[in-house]
1. Among the residues of the range 101-112, how many are more than 16 Å from ligand 1 (Cβ to nearest atom) and under 14 Å from GLU347 (Cβ atoms)?
2. Can you find even one residue in the range 51-71 that is within 16 Å of ligand 2 (Cβ to nearest atom) and among the small types (Gly, Ala, Ser)?
3. Write out, first by first residue and then by second, each pair whose Cβ atoms fall under 7 Å of each other, whose residues are 6+ apart or on separate chains, and whose first residue, in the range 223-240, is closer than 20 Å to ALA355 by Cβ while the second is within 15 Å of ligand 1 (Cβ to nearest atom) and assigned to a helix (DSSP H, G or I).
4. Out of the range 239-264, which residues are part of a loop (DSSP other than H, G, I, E, B) and in contact with a helix residue (DSSP H, G or I) (Cβ under 9 Å, 6 or more places away or on another chain)?
5. How many residues are within 16 Å of ligand 1 (Cβ to nearest atom) and touching an Asp or Glu at 6+ places or on another chain (Cβ under 6 Å) if we restrict to the range 133-178?
6. From ALA341, ALA285, ALA334, grab the single residue that is buried (at least 20 other Cβ atoms within 10 Å of the Cβ) and of a type in the set (A, V, I, L, M, F, W, C).
7. Anything in the range 206-228 that is within 10 Å of ligand 1 (Cβ to nearest atom) and not aromatic (Phe, Trp, Tyr)? List them, or say none.
8. Taking the range 113-131 as the region of interest, how many residues are hydrophobic (A, V, I, L, M, F, W, C), part of a strand (DSSP E or B) and either away from ligand 1 (no atom under 15 Å from the Cβ) or within 13 Å of the chain's Cα centre (by Cα) (or both)?
Amino acid sequence: MTAVTAAPAPIQEHAHQQAVDAGLLVHRAYPLNAETPVHALTGGDVTSTDHFYVRNHFDIPDLDTADWRLTVTGRVQHRLTLDLDDLYKMRSRTDLVTLECAGNNRIAFDPKVPGEQWRLGAVSAAEWTGVPLADVLDRAKLTSPAREVVFRGADRGRVDGRAETIRFERSLSLDDMADSGALVVYRMNDAPLPRQHGYPLRLVVPGWYGVASVKWLTEIEVLDHPFDGYFQTARYRYAWLRDGHTVTEPVRRQRVRAVITEPSYGQTLSCGDVLIRGLAWSGDAPIADVRVRVGRRPWQSAHLLGHPYRHGLRRWELCTRVDEPGTATIQARATDLTGRAQPDQPEWNPLGYGANSVQTVTIHLL
Ligand SMILES: Nc1nc2c(c(=O)[nH]1)N[C@H]1C(S)=C(S)[C@@H](COP(=O)(O)O)O[C@H]1N2
Ligand SMILES: [Mo]
């Protein structure tokens, strides 16, 4: 049998071309998976929309706002069918929120694990405008025994081990949702949500790994039992070997991490004052401290800069004197206010999530 590969549809091609033009590091064109170049994270609090990383499991669905609807069903008193105008009329909010893929820095695992080999650019921050999820659910009025809420995207496709195509769907428990600050979003960085980021509506769950922030949202279903969808139970779970047993746990909040944005890998600098800059974030708590070291010298605390937006990327910098010429390593380790800090090595797990180990950048000094 000859496999016939159809040419990608124009909207897939267009999104791919946009990623290439913006200088994203494209891991896969169809479905589009592309990471933000580290230099595009520097400087501002917000990543420009062009540079925002893209992580898709399936092709981008071609949704037309004229017939797009959001339905709310299941354990509710009032089933809802909302169009975009209904949502525009509701109270809106704009929040600065960082999304990070749970697979960010997967390339660091040894032995290697399958999946997109993300470096450190599967993370970006944007200003998201939309309606508090709680307001939508208040309209529908949950009835007991509501337990979990499933968010269904319009995209679908094939996955390993399943005969039928499946939708992208994820759930949150009522406890996880309470005070989560989740928004259903229709604008990104003060412009309509682009197609590759979930047009016309997506969920944004602050502090959680990106998988929770379902794009192309069309259905919200309230369940009285735990949800067992593919992306809930077969993927996006850590599996740890503990006392000879495998224990699994879902990926949840973004693990604490610092990224060095300057100097870049392999850069050549003159001896003297070296300026080291970067970003840090944690889904669990605000950043308490970023420590930096050059070679084997003592760790020094960097200055935390800018406004500490709770779900933003916190900028930091340190100027330090280096007088010995040659090759040197720079490392940065972030700690958050819960006391969680980055490990030296990524905690290996078969699907390759949460690789928040300390980054090492090698430079040359003349
Ligand atoms: N419908 C849908 N939502 C989705 C995904 C997807 O493939 N389909 N990918 C998820 C994952 S794993 C991540 S990391 C984020 C990425 O959001 P972005 O592409 O806007 O950066 O979207 C999440 N929401
Ligand atoms: Mo992700």
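1. The total comes to 4.
2. Initial filter on the range 51-71 (within 16 Å of ligand 2 (Cβ to nearest atom)): 52-58, 60.
Restricting the remaining residues to those that are among the small types (Gly, Ala, Ser) gives none.
Looking for residues that are within 16 Å of ligand 2 (Cβ to nearest atom) and among the small types (Gly, Ala, Ser), one finds none in the range 51-71, hence no.
3. Sorted first by the residue in the range 223-240, then by its partner, the pairs are PHE231/VAL211; TYR236/VAL211.
4. Residues of the range 239-264 part of a loop (DSSP other than H, G, I, E, B): 243-244, 251-252, 254-256, 263-264.
Scanning the range 239-264 gives VAL251, ARG252, GLN254, SER264.
5. Residues in the range 133-178 being within 16 Å of ligand 1 (Cβ to nearest atom) and touching an Asp or Glu at 6+ places or on another chain (Cβ under 6 Å): 4 in total.
6. Working: ALA341 fails: buried (at least 20 other Cβ atoms within 10 Å of the Cβ); ALA285 fails: buried (at least 20 other Cβ atoms within 10 Å of the Cβ).
Of ALA341, ALA285, ALA334, the one residue that is buried (at least 20 other Cβ atoms within 10 Å of the Cβ) and of a type in the set (A, V, I, L, M, F, W, C) is ALA334.
7. GLY210, VAL211, ALA212, SER213, VAL214, LYS215, LEU217, THR218
8. Narrowing the range 113-131 to residues hydrophobic (A, V, I, L, M, F, W, C): 113, 118, 120, 122-123, 125-126, 128, 131.
From the residues that got through so far, the ones that are part of a strand (DSSP E or B) too are 123, 125-126, 128, 131.
Checking the rest, the ones that are also either away from ligand 1 (no atom under 15 Å from the Cβ) or within 13 Å of the chain's Cα centre (by Cα) (or both) come to 123, 125-126, 131.
Here the count works out to 4.
None of the figures in this text is laboratory data; all of them are computed from the coordinates on show. As the structure is a prediction and not an experimental result, all values here were calculated from the model. Counting neighbours? That spans all protein chains shown, and the Cβs are built from the backbone with ideal geometry, glycine included.
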